[in-house]
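Chemist: If you scroll down you'll find the structure; I have some questions about it.
Derivation of every value follows stated rules applied to the coordinates shown; laboratory data play no part. Everything numeric here is computed off the predicted structure, so don't read it as measured data. Note: ideal-geometry Cβ built from the backbone for every residue, glycine included; neighbour counts use all protein chains shown.
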Amino acid sequence: MRDIPDIAALVARREAFKSLEAPFYTAAEIYDLDLEAIFGKMWIFVASDAELPEPGDCVTLSVGTTSVLLLRGDDEEVRAFHNVCRHRGAKLINEPTATIGNIVCRYHGWTYNEDGELILADHMGSDFDKDCHGLKTIHVRSLAGLIFICLAETPPADFDEMARVMQRYLAPHDIANCKVAHQSDLIEDGNWKLTMENNRECYHCEGNHPQLTVPLSEFGFGFSPDDMDERRSQDVANYLADVARNHAKWESCGLPSAEEEHLSNISGFRTMRLPLMWEGESHTVDTKVASKKLLGDFTDPKLGGLSFWTHPNSWHHFMSDHIVTFSVLPLSAGRTLVRTTWLVHKDAIEGQDYTLDNLTQVWRYTNQQDADLVALAQLGAAQPAYEPGPYSRYTEPHVEAFAAWYIARMAEHLDTAALQVAAQ
Ligand code: 3BY
Ligand code: FES
Ligand code: FE
């Protein structure tokens, strides 16, 4: 057994542009702290509006040890509650999805309305105060139909900045008029940070994702200047000219496309719209749209791919015909849930406008390939020979942005925790 040095010391001595020390990936103590410092404090992407389209629709999910209940009310707003009865604590909704009127606890029938107020509790006597026993609420925000929650009492205020920038990028894809075509839960045998790090680079793409049309330029070009022979320089120049042409075209029809990078914000994020490889229309194996019913008011299938990445746990790809959202939720130090959801226009008919196989193929394959890579990284991090290795400045700048962001949040959390102890 290796000793785990003091977590504060590990945080303080992290070297920039190197992967993290092993305990960050393997130690149960750091996993517990991640749940407190990151998943307990930051805005976490958990679902989209399309997953609970009607009043009464519920989605439940676990963020670490916390079970969260999302419920759409009669006013169409989504509310989030701790999924725990205020009587003797039974879990209220035990299914991943449900459609309900009020929230009724199965144990002794305590009943809560859509605002979480306790409205019925038999046999509690006339002096019992229902008002003190409402469900505990959780902060929730919808960003153009992407639902984020924050378990902290006071959530990071800079969500507003992300919402302000992203609203106009996402709105044209009209999530409100999408439905879920398919959702998959993949459990990766790796720490959640390895899942995120893997997602923030495409250094591994050429060798591992043969069917992926995501352009390398989303992640930086992936070439160091020393690797740029004449053919590559020409390819990059042609690609940049193509990007400029497409951006001008898309912007002129109301589709924001320019890169926005705010990865050192507390609610850190990045977005850009890029042409797909091979003159593609969508993330499909033949690169054509997967669904004949285009989203929103779109008439042109060739709108590239708008990608949106958020710290600490999500990424999304928006095409002309479908949207794919990814939510990363930690299960233990060495296990992580990646929930992928494919959205199509709500009027698209399966078998007629799209087939599930064609719609999901690229990301089914790619996710499995990424899961295999994450598992290898986890196996390596647990070995005695592992030591933090160097990130490429050219292909892994966003991996560094994620790691630096994570370390900064941990440092803040440990500082606050130390101050709280000192004040006691
Ligand atoms: O999984 C992703 O979204 C990224 C893009 C390509 C592969 N992967 C690192
Ligand atoms: Fe819910 Fe008793 S635990 S009603
Ligand atoms: Fe990948």
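Chemist: Between residue 423 and residue 297, how many nm apart are label points set 7 Å from Cα along the C-beta direction?
Modeler: For the pair residue 423/residue 297, the computed spacing is 5.1 nm.
Chemist: Now a separate question. Taking a ≥ b ≥ c as the square roots of the Cα gyration tensor eigenvalues, with a/c under 1.5 meaning rounded and otherwise prolate when a/b beats b/c, else oblate, which class fits the chain?
Modeler: Working: a/c = 2.01, a/b = 1.23, b/c = 1.63.
Because a/c hits 1.5 or more and a/b fails to exceed b/c, the chain counts as oblate.
Chemist: Oh, and also: Where in the chain are the DSSP H helices whose C-alpha atoms run 24 Å or more along the long axis and whose mean Kyte hydropathy is at least -1.0?
Modeler: Taking the DSSP H segments of the chain (at least 24 Å long, mean hydropathy at least -1.0), we get 356-381, 397-423.
Chemist: Which value in nm describes the separation of the simple spin-label points at residue 139 and residue 335, placed 7 Å from the Cα toward the beta carbon?
Modeler: Simple spin-label model gives 3.1 nm for this pair.
Chemist: Please report the net charge: other residues with Cβ closer than 14 Å to the Cβ of residue 184, K and R +1, D and E -1.
Modeler: -3
Chemist: From the helices alone, meaning DSSP H stretches of at least four residues, give me the mean residue ellipticity at 222 nm for the chain, per-run term -39500 (n - 2.57), in deg cm²/dmol to the nearest 500.
Modeler: Mean residue ellipticity at 222 nm (helix-derived): -8500 deg cm²/dmol.
Chemist: How would you rank 42, 124, going from fewest to most other Cβ atoms within 10 Å of each one's own Cβ? Mind showing how you got there, number by number?
Modeler: Values: 42 24, 124 15.
The order, fewest Cβ neighbours first, is 124, 42.
Chemist: Please compute the length gained on full extension between residue 77 and residue 157, using 0.36 nm multiplied by the number of residues separating them and subtracting their Cα-Cα distance.
Modeler: Extending this stretch completely gives an extra 26.8 nm.
Chemist: Among all the lysines, which ones have a C-alpha under 22 Å from residue 288's C-alpha, if same-chain residues fewer than 8 places away are not counted?
Modeler: 179, 249, 302, 346
Chemist: Note the full-extension length gain between residue 279 and residue 54 as 0.36 nm times their separation in residues minus their Cα-Cα distance, in nm to one decimal.
Modeler: That works out to 77.2 nm of additional length.
Chemist: When only Cα pairs under 8 Å and 6 or more residues apart are kept, what is the percent relative contact order across the range 215-345?
Modeler: Relative contact order of the range 215-345: 17 percent.
Chemist: For the chain, what does the relative contact order come out to in percent, with C-alpha contacts under 8 Å and a separation of six or more?
Modeler: 21
Chemist: Expected output is a single nm value to one decimal: the length gained when fully extending between residue 185 and residue 90, i.e. 0.36 nm times separation in residues minus the C-alpha distance. What is it?
Modeler: Numbers: separation 95, 0.36 × 95 = 34.20 nm, distance 2.53 nm.
Between residue 185 and residue 90, full extension yields an extra 31.7 nm.
Chemist: Under 1.5 on a/c is rounded, so check that first for the range 167-291, then, if it is not, pick prolate when a/b is larger than b/c and oblate when it is not; a ≥ b ≥ c are the square roots of the alpha carbon gyration tensor eigenvalues.
Modeler: Here the range 167-291 falls in the rounded category.
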